[in-house]
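In what follows, a single structure is set out as structure tokens and then discussed.
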Amino acid sequence: MAAEILAAVKICASTYRFIKSAVHEGEEITNMTKAISKFWDAREQVSIIEQKATNQSKIEKLFGGKSIESQALEITLQKQKAVQLERDLKELFYWTGNGNLWQDMIRERTRIRNMRIAEAKRKAEARALMIDCSMVVVFLIMSVLIVLGITNVVVD
């Protein structure tokens, strides 16, 4: 999970650097839809990874390898980098005279993003529940098999 969030933030950073250099070379920011979309895709990935990390199953938490504090620190630091890159992109929009475009985009982004985050959270919770339930079923089956094995030994 740490590698995923780091990769997403690196994509945000490299895309921002590309947009910034293109603007400084005279390119219109409105002509860079593909690059801006790539930035937002990577930024969205950071949010999805954050939801997965905060909605792990109990089994994943138990055997996840990293402490909760370590995961929280890593996610928080990478999320802060992504937020700063977003601020920098906003400044670039305003600096190029596209402040209204930024505001419209953020308004629409917020609407769509809230729907996607709710869906990602729902899926992560369902996945965690499925893993936990599967482990309970496996435990029950193992218990029944052990009890049947002991019963057969006592009867014989």
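The values are calculated or read from the model by the stated rules, or taken from the named source; none is laboratory data. Quantities reported herein were computed from a predicted structural model and do not represent experimental measurements. Positions of Cβ are backbone-derived with ideal geometry, glycine not excepted, and every protein chain shown enters the neighbour counts.
Values computed for the structure shown
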quantity: Close pairs from the stretch 86-103: first without any contact (Cβ under 8 Å) to a residue 40 or more places away in the chain and closer than 21 Å to A42 by Cβ, partner among the aromatic types (F, W, Y) and surrounded by 13 or more Cβ atoms within 10 Å (Cβ to Cβ), Cβ under 9 Å, at least 6 apart; calculated: K90/W102; W102/F93; W102/Y94
quantity: Matching residues, the stretch 114-145, being in contact with a Ser or Thr (Cβ under 8 Å, 6 or more places away or on another chain) and among the acidic types (D, E); calculated: D132
quantity: Of all residues in the stretch 11-40 being under 20 Å from R87 (Cβ atoms) and without any contact (Cβ under 8 Å) to a residue 12 or more places away in the chain, the one that is surrounded by the most Cβ atoms within 10 Å (Cβ to Cβ); calculated: S14
quantity: Checking R116 against (1) modelled with pLDDT under 90; (2) within 16 Å of the chain's Cα centre (by Cα); (3) loosely packed, with under 11 Cβ neighbours inside 10 Å, the condition it does not meet; calculated: (3)
quantity: Boolean, A82 is touching a helix residue (DSSP H, G or I) at 6+ places or on another chain (Cβ under 8 Å), buried (at least 17 other Cβ atoms within 10 Å of the Cβ) and modelled with pLDDT of 90 or more; calculated: yes
quantity: Any hit, the stretch 46-62, residues being modelled with pLDDT under 90 and on the phi > 0 side of the Ramachandran plot; calculated: no
